[in-house]
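A.B. asks: I have a structure I would like to understand better, so I am pasting it below and will then ask my questions one at a time.
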Amino acid sequence: MLYGFGKHGFNAHRFLFNCLEEPFEVVKHDLLYTVHYKGNKIHFWPDIDLFIEELSSVFPGQKNNVKRFYKEMQKCYSHVISEMPNYTTPDETDPKGALKNILRHPLSYLRFLSYLNISAEKLLRQFFSDPDILRFFDKLTSTYCYATTEEAPAILASVMFIDNHEGGSFYPAGSTLFLPGKLEKVIEENAGDMYYESTVTKILFHDNIPNGVLLENGRCLYGKNILYSGTVWNLYDKLLSDQTLTEKEKKWAAQIPTYPSVVLYSLVKSAVIPQDTCPIEMLAANPDTIDESELTIYILSLDDHTICPKNQQVVIAIGPSFRDWNTSETNDIQLDSTSTYAQWKNEETHRILFTLEKRFPGFQENLLHCELATPKTIERYTLKNNGSAAGPKQMLGQHMLLRQPIRTRFNNLYGCGAG
(Lines give C-alpha, C1' and ligand atoms only; values in the text may rest on other atoms or scores of the structure.)
Protein backbone atom coordinates (compact mmCIF):
# COMPACT_ATOMS: atom_id res chain seq x y z
CA MET A 1 0.00 0.00 0.00
CA LEU A 2 2.14 2.82 -1.32
CA TYR A 3 1.05 6.44 -1.43
CA GLY A 4 2.40 9.36 -3.43
CA PHE A 5 2.04 7.88 -6.94
CA GLY A 6 -1.27 9.52 -7.87
CA LYS A 7 -1.86 12.12 -10.56
CA HIS A 8 -3.28 14.51 -7.98
CA GLY A 9 -2.75 15.34 -4.33
CA PHE A 10 0.38 14.38 -2.44
CA ASN A 11 2.32 12.61 -5.19
CA ALA A 12 5.94 12.99 -4.11
CA HIS A 13 6.93 9.48 -5.28
CA ARG A 14 5.53 10.11 -8.76
CA PHE A 15 7.50 13.38 -8.88
CA LEU A 16 10.69 11.59 -7.78
CA PHE A 17 10.55 8.86 -10.41
CA ASN A 18 9.72 11.44 -13.10
CA CYS A 19 12.84 13.39 -12.07
CA LEU A 20 14.93 10.22 -12.18
CA GLU A 21 13.43 9.40 -15.60
CA GLU A 22 13.04 5.83 -14.46
CA PRO A 23 9.78 4.08 -15.43
CA PHE A 24 8.12 2.32 -12.52
CA GLU A 25 4.88 0.39 -12.94
CA VAL A 26 2.33 0.58 -10.15
CA VAL A 27 -1.15 -0.94 -9.85
CA LYS A 28 -3.77 1.42 -8.43
CA HIS A 29 -6.17 -0.11 -5.95
CA ASP A 30 -9.77 0.13 -7.17
CA LEU A 31 -10.79 -0.17 -3.54
CA LEU A 32 -8.32 1.34 -1.09
CA TYR A 33 -9.04 -1.11 1.71
CA THR A 34 -11.80 -2.51 3.90
CA VAL A 35 -12.08 -1.92 7.64
CA HIS A 36 -13.88 -4.49 9.78
CA TYR A 37 -15.40 -2.53 12.65
CA LYS A 38 -18.00 -3.87 15.11
CA GLY A 39 -19.44 -6.35 12.63
CA ASN A 40 -19.45 -3.87 9.73
CA LYS A 41 -17.34 -4.01 6.57
CA ILE A 42 -16.56 -0.40 5.69
CA HIS A 43 -15.21 -0.02 2.15
CA PHE A 44 -12.88 2.91 1.49
CA TRP A 45 -13.84 3.90 -2.04
CA PRO A 46 -11.63 6.29 -4.01
CA ASP A 47 -14.78 8.34 -4.71
CA ILE A 48 -15.11 10.34 -1.50
CA ASP A 49 -18.86 10.91 -1.97
CA LEU A 50 -19.40 7.16 -2.26
CA PHE A 51 -17.31 6.65 0.88
CA ILE A 52 -19.35 9.27 2.78
CA GLU A 53 -22.51 7.32 1.93
CA GLU A 54 -20.84 4.07 3.06
CA LEU A 55 -19.69 5.53 6.38
CA SER A 56 -23.06 7.20 6.95
CA SER A 57 -24.81 3.86 6.57
CA VAL A 58 -22.76 2.54 9.52
CA PHE A 59 -23.36 5.70 11.57
CA PRO A 60 -26.78 6.85 10.26
CA GLY A 61 -27.27 9.47 12.93
CA GLN A 62 -24.00 11.13 11.92
CA LYS A 63 -24.58 11.51 8.16
CA ASN A 64 -24.68 15.33 8.17
CA ASN A 65 -21.62 15.54 10.42
CA VAL A 66 -19.70 13.02 8.27
CA LYS A 67 -20.49 15.00 5.14
CA ARG A 68 -19.58 18.33 6.76
CA PHE A 69 -16.30 16.94 8.12
CA TYR A 70 -15.08 15.35 4.90
CA LYS A 71 -16.13 18.30 2.73
CA GLU A 72 -14.25 20.70 5.03
CA MET A 73 -11.14 18.49 5.04
CA GLN A 74 -11.41 18.05 1.26
CA LYS A 75 -11.57 21.82 0.74
CA CYS A 76 -8.47 22.40 2.89
CA TYR A 77 -6.61 19.55 1.20
CA SER A 78 -7.45 20.88 -2.27
CA HIS A 79 -6.39 24.46 -1.49
CA VAL A 80 -3.25 23.66 0.51
CA ILE A 81 -1.92 20.35 -0.84
CA SER A 82 -3.39 19.53 -4.21
CA GLU A 83 -3.48 22.82 -6.17
CA MET A 84 0.14 23.79 -5.47
CA PRO A 85 2.03 20.60 -4.53
CA ASN A 86 5.22 21.01 -2.54
CA TYR A 87 7.91 18.35 -2.87
CA THR A 88 10.13 19.49 -0.02
CA THR A 89 9.81 18.89 3.69
CA PRO A 90 8.41 21.67 5.93
CA ASP A 91 11.89 22.62 7.20
CA GLU A 92 13.11 23.09 3.60
CA THR A 93 10.11 25.03 2.25
CA ASP A 94 10.92 28.38 0.60
CA PRO A 95 9.18 31.14 2.63
CA LYS A 96 8.50 33.25 -0.48
CA GLY A 97 6.87 30.35 -2.29
CA ALA A 98 4.86 29.49 0.81
CA LEU A 99 3.59 33.08 1.09
CA LYS A 100 2.52 33.03 -2.54
CA ASN A 101 0.49 29.88 -1.91
CA ILE A 102 -1.05 31.30 1.26
CA LEU A 103 -2.31 34.36 -0.60
CA ARG A 104 -4.23 32.13 -3.03
CA HIS A 105 -6.45 30.69 -0.29
CA PRO A 106 -5.69 32.59 2.95
CA LEU A 107 -8.68 31.28 4.93
CA SER A 108 -7.95 27.65 4.06
CA TYR A 109 -4.27 28.09 4.97
CA LEU A 110 -5.09 29.75 8.29
CA ARG A 111 -7.50 26.94 9.15
CA PHE A 112 -4.98 24.31 8.06
CA LEU A 113 -2.18 25.88 10.11
CA SER A 114 -4.49 26.03 13.12
CA TYR A 115 -4.35 22.22 13.11
CA LEU A 116 -0.58 22.26 13.65
CA ASN A 117 -0.53 22.06 17.43
CA ILE A 118 -3.88 20.53 18.32
CA SER A 119 -4.74 16.84 18.46
CA ALA A 120 -6.77 14.99 15.87
CA GLU A 121 -9.26 14.27 18.65
CA LYS A 122 -9.82 18.00 19.22
CA LEU A 123 -10.37 18.51 15.50
CA LEU A 124 -12.86 15.63 15.31
CA ARG A 125 -14.81 16.96 18.30
CA GLN A 126 -15.51 20.11 16.29
CA PHE A 127 -17.70 17.92 14.08
CA PHE A 128 -18.70 14.89 16.17
CA SER A 129 -19.94 14.19 19.68
CA ASP A 130 -20.97 10.55 19.21
CA PRO A 131 -18.39 8.41 21.07
CA ASP A 132 -18.82 5.46 18.70
CA ILE A 133 -17.75 7.33 15.56
CA LEU A 134 -14.92 8.97 17.51
CA ARG A 135 -13.66 5.49 18.41
CA PHE A 136 -13.85 4.56 14.72
CA PHE A 137 -11.64 7.51 13.75
CA ASP A 138 -9.29 6.52 16.55
CA LYS A 139 -8.88 3.14 14.83
CA LEU A 140 -8.22 4.81 11.47
CA THR A 141 -5.57 7.08 12.89
CA SER A 142 -3.83 4.27 14.77
CA THR A 143 -3.70 2.30 11.50
CA TYR A 144 -2.49 5.25 9.41
CA CYS A 145 0.23 6.56 11.69
CA TYR A 146 0.48 4.23 14.73
CA ALA A 147 -0.92 6.91 17.07
CA THR A 148 -4.33 7.53 18.62
CA THR A 149 -6.42 10.62 17.81
CA GLU A 150 -5.48 11.97 21.23
CA GLU A 151 -1.77 11.69 20.35
CA ALA A 152 -1.73 12.48 16.62
CA PRO A 153 -1.53 16.10 15.41
CA ALA A 154 -4.66 17.28 13.61
CA ILE A 155 -2.64 18.61 10.68
CA LEU A 156 -1.36 15.11 9.90
CA ALA A 157 -4.69 13.36 10.39
CA SER A 158 -6.57 15.88 8.23
CA VAL A 159 -4.26 15.16 5.28
CA MET A 160 -4.39 11.37 5.75
CA PHE A 161 -8.20 11.25 5.91
CA ILE A 162 -8.42 12.83 2.46
CA ASP A 163 -5.27 11.73 0.62
CA ASN A 164 -6.44 8.10 0.67
CA HIS A 165 -9.27 9.14 -1.64
CA GLU A 166 -7.65 11.97 -3.64
CA GLY A 167 -4.23 10.44 -4.28
CA GLY A 168 -5.14 6.78 -3.96
CA SER A 169 -2.94 3.87 -2.91
CA PHE A 170 -0.82 1.66 -5.14
CA TYR A 171 0.93 -1.69 -5.36
CA PRO A 172 4.31 -1.95 -7.17
CA ALA A 173 3.96 -4.41 -10.03
CA GLY A 174 6.10 -7.50 -9.46
CA SER A 175 6.36 -6.90 -5.67
CA THR A 176 7.89 -4.20 -3.50
CA LEU A 177 11.39 -5.46 -4.35
CA PHE A 178 11.17 -3.48 -7.58
CA LEU A 179 11.12 -0.14 -5.74
CA PRO A 180 14.60 -0.30 -4.12
CA GLY A 181 15.81 -2.09 -7.24
CA LYS A 182 14.92 0.89 -9.41
CA LEU A 183 16.57 3.32 -6.99
CA GLU A 184 19.71 1.17 -6.90
CA LYS A 185 19.80 1.18 -10.71
CA VAL A 186 19.68 4.98 -10.79
CA ILE A 187 22.47 5.27 -8.21
CA GLU A 188 24.74 2.93 -10.17
CA GLU A 189 23.96 4.65 -13.48
CA ASN A 190 25.18 7.88 -11.85
CA ALA A 191 28.54 6.42 -10.82
CA GLY A 192 27.40 5.30 -7.37
CA ASP A 193 28.46 2.08 -5.64
CA MET A 194 26.27 -0.17 -3.47
CA TYR A 195 27.79 -2.11 -0.56
CA TYR A 196 25.67 -4.94 0.84
CA GLU A 197 26.00 -6.33 4.37
CA SER A 198 28.12 -3.32 5.33
CA THR A 199 26.75 -1.96 8.59
CA VAL A 200 28.00 1.49 9.57
CA THR A 201 29.14 1.68 13.21
CA LYS A 202 30.41 5.26 13.41
CA ILE A 203 30.43 8.55 11.53
CA LEU A 204 34.01 9.77 11.19
CA PHE A 205 35.07 13.39 11.71
CA HIS A 206 38.00 15.56 10.69
CA ASP A 207 38.33 18.99 12.31
CA ASN A 208 34.79 18.59 13.71
CA ILE A 209 33.38 17.99 10.22
CA PRO A 210 31.88 14.62 9.17
CA ASN A 211 34.08 13.16 6.44
CA GLY A 212 33.32 9.44 6.33
CA VAL A 213 31.95 6.32 7.97
CA LEU A 214 33.46 3.32 9.72
CA LEU A 215 32.01 -0.06 8.71
CA GLU A 216 31.55 -3.06 10.97
CA ASN A 217 34.34 -4.90 9.11
CA GLY A 218 36.82 -2.11 9.90
CA ARG A 219 36.75 -0.49 6.45
CA CYS A 220 36.43 3.28 6.18
CA LEU A 221 34.57 5.10 3.41
CA TYR A 222 35.01 8.83 2.87
CA GLY A 223 32.86 11.43 1.16
CA LYS A 224 32.14 15.14 0.90
CA ASN A 225 28.54 14.70 2.11
CA ILE A 226 26.85 12.04 4.22
CA LEU A 227 23.16 11.14 3.92
CA TYR A 228 21.71 9.18 6.81
CA SER A 229 18.55 7.13 6.32
CA GLY A 230 17.93 5.52 9.69
CA THR A 231 16.39 6.09 13.09
CA VAL A 232 17.10 9.09 15.28
CA TRP A 233 18.16 6.75 18.11
CA ASN A 234 20.83 4.96 16.08
CA LEU A 235 22.17 8.30 14.83
CA TYR A 236 22.53 10.01 18.19
CA ASP A 237 23.06 7.03 20.50
CA LYS A 238 25.51 5.13 18.29
CA LEU A 239 26.89 6.84 15.18
CA LEU A 240 27.43 10.22 16.86
CA SER A 241 28.05 8.87 20.35
CA ASP A 242 31.69 10.01 20.36
CA GLN A 243 30.69 13.60 19.64
CA THR A 244 29.88 16.17 22.30
CA LEU A 245 26.10 16.25 22.28
CA THR A 246 24.24 18.92 24.20
CA GLU A 247 21.67 18.03 26.84
CA LYS A 248 19.04 19.57 24.55
CA GLU A 249 20.07 17.23 21.70
CA LYS A 250 20.04 14.18 23.97
CA LYS A 251 16.60 15.06 25.29
CA TRP A 252 15.25 15.69 21.78
CA ALA A 253 16.67 12.41 20.45
CA ALA A 254 14.96 10.39 23.21
CA GLN A 255 11.73 10.29 21.22
CA ILE A 256 8.85 7.94 22.01
CA PRO A 257 8.71 5.03 19.52
CA THR A 258 5.69 3.39 17.94
CA TYR A 259 4.77 -0.01 19.32
CA PRO A 260 6.79 -3.06 18.17
CA SER A 261 5.36 -4.99 15.25
CA VAL A 262 5.13 -8.64 14.27
CA VAL A 263 4.60 -9.77 10.68
CA LEU A 264 3.26 -13.15 9.56
CA TYR A 265 4.11 -14.20 5.99
CA SER A 266 1.92 -17.00 4.69
CA LEU A 267 0.89 -18.93 1.60
CA VAL A 268 -2.61 -20.47 1.51
CA LYS A 269 -4.88 -22.21 -0.95
CA SER A 270 -7.05 -19.76 -2.88
CA ALA A 271 -10.27 -21.51 -1.89
CA VAL A 272 -10.10 -20.09 1.64
CA ILE A 273 -10.11 -16.46 0.44
CA PRO A 274 -13.63 -15.31 -0.60
CA GLN A 275 -13.91 -13.68 -4.02
CA ASP A 276 -15.14 -10.37 -2.59
CA THR A 277 -12.06 -9.99 -0.35
CA CYS A 278 -10.23 -6.68 -0.62
CA PRO A 279 -6.43 -6.87 -1.19
CA ILE A 280 -5.99 -4.84 2.02
CA GLU A 281 -8.19 -5.39 5.05
CA MET A 282 -7.95 -3.97 8.55
CA LEU A 283 -9.34 -5.89 11.49
CA ALA A 284 -10.32 -3.60 14.35
CA ALA A 285 -11.55 -6.22 16.81
CA ASN A 286 -11.50 -4.05 19.94
CA PRO A 287 -13.06 -0.61 19.35
CA ASP A 288 -11.97 0.70 22.76
CA THR A 289 -8.21 0.32 22.59
CA ILE A 290 -5.24 -0.77 20.48
CA ASP A 291 -4.49 -4.38 21.32
CA GLU A 292 -2.85 -7.42 19.74
CA SER A 293 -6.05 -8.46 17.93
CA GLU A 294 -5.64 -5.46 15.61
CA LEU A 295 -4.27 -6.69 12.28
CA THR A 296 -3.74 -5.23 8.85
CA ILE A 297 -3.91 -7.94 6.18
CA TYR A 298 -2.24 -7.59 2.77
CA ILE A 299 -3.20 -10.21 0.16
CA LEU A 300 -0.59 -9.22 -2.40
CA SER A 301 -1.55 -11.86 -4.97
CA LEU A 302 -4.98 -10.23 -5.43
CA ASP A 303 -3.09 -7.25 -6.86
CA ASP A 304 -0.42 -9.21 -8.70
CA HIS A 305 -1.11 -12.85 -9.68
CA THR A 306 2.46 -13.33 -10.93
CA ILE A 307 3.93 -13.73 -7.44
CA CYS A 308 2.47 -17.19 -6.76
CA PRO A 309 0.64 -20.07 -8.50
CA LYS A 310 -2.94 -19.39 -9.59
CA ASN A 311 -4.51 -21.65 -6.98
CA GLN A 312 -2.65 -19.99 -4.09
CA GLN A 313 -2.63 -16.63 -2.31
CA VAL A 314 0.09 -14.70 -0.52
CA VAL A 315 -1.21 -13.27 2.76
CA ILE A 316 0.80 -10.96 5.00
CA ALA A 317 -0.54 -9.82 8.38
CA ILE A 318 1.06 -7.11 10.52
CA GLY A 319 0.07 -5.96 13.97
CA PRO A 320 1.38 -4.91 17.39
CA SER A 321 3.16 -7.12 19.90
CA PHE A 322 3.24 -5.89 23.48
CA ARG A 323 5.71 -8.45 24.83
CA ASP A 324 9.06 -7.19 26.04
CA TRP A 325 11.29 -8.69 23.36
CA ASN A 326 14.45 -7.18 24.87
CA THR A 327 14.65 -9.41 27.94
CA SER A 328 17.78 -11.40 28.66
CA GLU A 329 15.92 -14.56 27.63
CA THR A 330 15.29 -13.26 24.09
CA ASN A 331 18.36 -11.10 23.41
CA ASP A 332 20.44 -14.23 22.84
CA ILE A 333 18.34 -15.50 19.96
CA GLN A 334 18.22 -19.27 19.79
CA LEU A 335 15.83 -21.01 17.43
CA ASP A 336 15.79 -24.41 19.11
CA SER A 337 12.32 -25.32 20.33
CA THR A 338 13.24 -25.11 24.03
CA SER A 339 14.41 -21.48 23.98
CA THR A 340 12.21 -18.66 25.26
CA TYR A 341 12.56 -16.84 21.95
CA ALA A 342 11.37 -19.86 19.93
CA GLN A 343 8.45 -20.40 22.29
CA TRP A 344 7.37 -16.76 22.06
CA LYS A 345 7.68 -16.84 18.30
CA ASN A 346 5.53 -19.96 18.14
CA GLU A 347 2.91 -18.39 20.43
CA GLU A 348 2.77 -15.22 18.34
CA THR A 349 2.39 -17.27 15.16
CA HIS A 350 -0.57 -19.19 16.57
CA ARG A 351 -2.12 -15.98 17.93
CA ILE A 352 -2.13 -14.33 14.51
CA LEU A 353 -3.30 -17.51 12.77
CA PHE A 354 -6.20 -17.67 15.24
CA THR A 355 -7.21 -14.10 14.30
CA LEU A 356 -6.93 -14.89 10.58
CA GLU A 357 -9.02 -18.01 11.10
CA LYS A 358 -11.88 -15.89 12.43
CA ARG A 359 -11.77 -13.72 9.28
CA PHE A 360 -11.16 -16.63 6.88
CA PRO A 361 -12.65 -19.88 8.27
CA GLY A 362 -10.47 -22.83 7.27
CA PHE A 363 -7.33 -20.67 6.97
CA GLN A 364 -5.14 -22.95 9.10
CA GLU A 365 -6.40 -26.07 7.37
CA ASN A 366 -5.51 -24.58 3.97
CA LEU A 367 -2.18 -23.14 5.10
CA LEU A 368 0.75 -24.18 2.88
CA HIS A 369 3.56 -22.21 4.52
CA CYS A 370 4.07 -19.49 7.11
CA GLU A 371 6.86 -17.79 8.99
CA LEU A 372 6.92 -14.96 11.50
CA ALA A 373 9.06 -11.85 11.74
CA THR A 374 9.29 -10.82 15.39
CA PRO A 375 10.36 -7.33 16.53
CA LYS A 376 13.87 -8.81 16.83
CA THR A 377 13.69 -9.91 13.17
CA ILE A 378 12.57 -6.45 12.06
CA GLU A 379 15.39 -4.82 14.02
CA ARG A 380 17.97 -7.24 12.60
CA TYR A 381 17.07 -6.64 8.95
CA THR A 382 16.00 -2.97 9.02
CA LEU A 383 17.78 -1.55 12.11
CA LYS A 384 14.41 -0.32 13.37
CA ASN A 385 15.05 -0.24 17.10
CA ASN A 386 12.98 -2.78 19.07
CA GLY A 387 10.99 -3.61 15.93
CA SER A 388 9.20 -0.25 15.94
CA ALA A 389 8.59 -0.32 12.19
CA ALA A 390 7.31 3.28 11.91
CA GLY A 391 10.11 4.85 13.96
CA PRO A 392 9.22 7.69 16.36
CA LYS A 393 5.50 7.97 17.03
CA GLN A 394 3.69 10.65 15.03
CA MET A 395 2.45 12.47 18.10
CA LEU A 396 2.21 16.02 19.39
CA GLY A 397 5.58 17.14 20.70
CA GLN A 398 7.56 15.14 18.13
CA HIS A 399 5.74 15.97 14.88
CA MET A 400 6.39 18.05 11.79
CA LEU A 401 9.26 20.48 12.49
CA LEU A 402 10.06 18.70 15.76
CA ARG A 403 11.14 15.53 13.92
CA GLN A 404 14.55 14.77 12.43
CA PRO A 405 15.24 17.65 9.99
CA ILE A 406 17.00 17.22 6.67
CA ARG A 407 19.84 19.47 7.81
CA THR A 408 21.66 18.54 11.02
CA ARG A 409 23.92 20.94 12.90
CA PHE A 410 26.77 19.52 10.82
CA ASN A 411 26.66 21.25 7.42
CA ASN A 412 27.41 18.14 5.36
CA LEU A 413 25.38 15.54 7.31
CA TYR A 414 21.81 15.17 6.09
CA GLY A 415 18.91 13.11 7.43
CA CYS A 416 16.15 11.37 5.49
CA GLY A 417 13.66 8.55 6.08
CA ALA A 418 11.31 7.84 8.96
CA GLY A 419 13.54 9.40 11.60
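A.B. asks: Can you pull the one-decimal nm distance between simple spin-label points at Phe354 and Lys250, each 7 Å off the Cα toward Cβ?
C.D. replies: Rounded to a tenth, the inter-label distance reads 4.4 nm.
A.B. asks: What is the dipole size for region 70-154, taken about its Cα centre, with +1 at each Lys and Arg Cβ and -1 at each Asp and Glu Cβ, in debye to the nearest 20?
C.D. replies: Roughly 360 debye, rounded to the nearest 20.
A.B. asks: Still on this structure, please answer the following. If each DSSP helix of 4+ residues adds -39,500 (n - 2.57) and the sum is divided by the residues in the chain, what number results at 222 nm, nearest 500 deg cm²/dmol? Provide the component values of the computation, followed by the final result.
C.D. replies: Values: 13 runs with 138 residues, N = 419.
The per-residue figure over the chain is -10000 deg cm²/dmol.
A.B. asks: Hey, can you rank 387-398, 78-89 by average C-beta count inside 10 Å, highest first?
C.D. replies: Packing proxy ranking, top to bottom: 387-398, 78-89.
A.B. asks: By the scheme Lys and Arg +1, Asp and Glu -1, what is the net charge of all other residues having a beta-carbon under 10 Å from that of Gly61?
C.D. replies: Net charge in that neighbourhood comes out at -1.
A.B. asks: Now, a different point. How much length would be gained if the chain were fully extended between Asn234 and Glu150, taking 0.36 nm per residue of separation minus their Cα-Cα distance, in nm to one decimal?
C.D. replies: 27.5 nm
A.B. asks: Right, here's the next one. In nm, give the distance between the simple-model label positions of His43 and Phe15, each being 7 Å from the Cα along the Cα-to-Cβ direction.
C.D. replies: 3.3
A.B. asks: Using mean Cβ contacts within 10 Å as the protection proxy, how do 214-223, 271-280 order, highest first?
C.D. replies: The peptides rank, most packed first, as 271-280, 214-223.
A.B. asks: Can you put Leu372, Leu402 in order of accessible area, largest first, using a 1.4 Å probe?
C.D. replies: Leu402, Leu372
A.B. asks: Now for a different question. If you roll a 1.4 angstrom probe over the protein chains with everything in place, what fraction of the accessible area of the chain belongs to carbon and sulfur, to the nearest %?
C.D. replies: Carbon with sulfur: 54 percent of the solvent-accessible area.
A.B. asks: Which lysines does Lys248 reach when only Cα atoms under 26 Å apart count, and residues fewer than 8 places away in its own chain are ignored?
C.D. replies: Straight-distance partners of Lys248: Lys202, Lys238, Lys384, Lys393.
A.B. asks: A follow-up question, please. Counting only protein chains, not ligands or nucleic acids, how are Ser241, Ser270 ordered by accessible area (probe 1.4 Å), most first? Intermediate values should be presented prior to the final figure.
C.D. replies: On the way: Ser241 65, Ser270 25 Å².
Result of the area sort, largest leading: Ser241, Ser270.
A.B. asks: What's the center-to-center distance, using Cα atoms, between region 153-173 and region 182-199 in Å?
C.D. replies: First find each Cα centre; the distance between them is then 30 Å.
A.B. asks: Rounded to the nearest whole Å², what accessible area per residue is found for region 97-251 with the 1.4 Å probe?
C.D. replies: The answer is 54 Å² per residue.
A.B. asks: How far apart, in nm, are the 7 Å Cα→Cβ label points at Phe410 and His369?
C.D. replies: Roughly 4.2 nm, to one decimal.
A.B. asks: Sticking with this one: Can you give me the long-range amide H partners of Gln312? Hydrogens built in the peptide plane at 1.01 Å from N, cutoff under 5 Å, separation of 5 or more residues or another chain.
C.D. replies: Correct list: Ser270.
A.B. asks: Ranking request for peptides 182-194, 253-265, 110-122: highest mean number of other beta-carbon atoms within 10 Å first, then the rest in descending order.
C.D. replies: So the order, starting with the most tightly packed, is 253-265, 110-122, 182-194.
A.B. asks: Is region 83-185 best put as rounded, prolate or oblate by its Cα gyration tensor, with a ≥ b ≥ c the root eigenvalues, rounded for a/c under 1.5, and otherwise prolate when a/b is larger than b/c, oblate when not? Write down the numbers at each step before the final one.
C.D. replies: Numbers: a/c = 2.36, a/b = 1.15, b/c = 2.05.
Oblate, because a/c is 1.5 or more while a/b does not exceed b/c.
The values are calculated or read from the model by the stated rules, or taken from the named source; none is laboratory data. Here the structure is a predicted model, which is why all the values come from computation and not from measurement. Ideal geometry is used to build each Cβ from the backbone, glycine not excepted, and the neighbour counts take in all protein chains shown. To get the accessible areas, we keep the full protein, side chains included, count just its heavy atoms, and leave off ligands, DNA and RNA. Shrake-Rupley method; radii C 1.70, N 1.55, O 1.52, S 1.80 Å.
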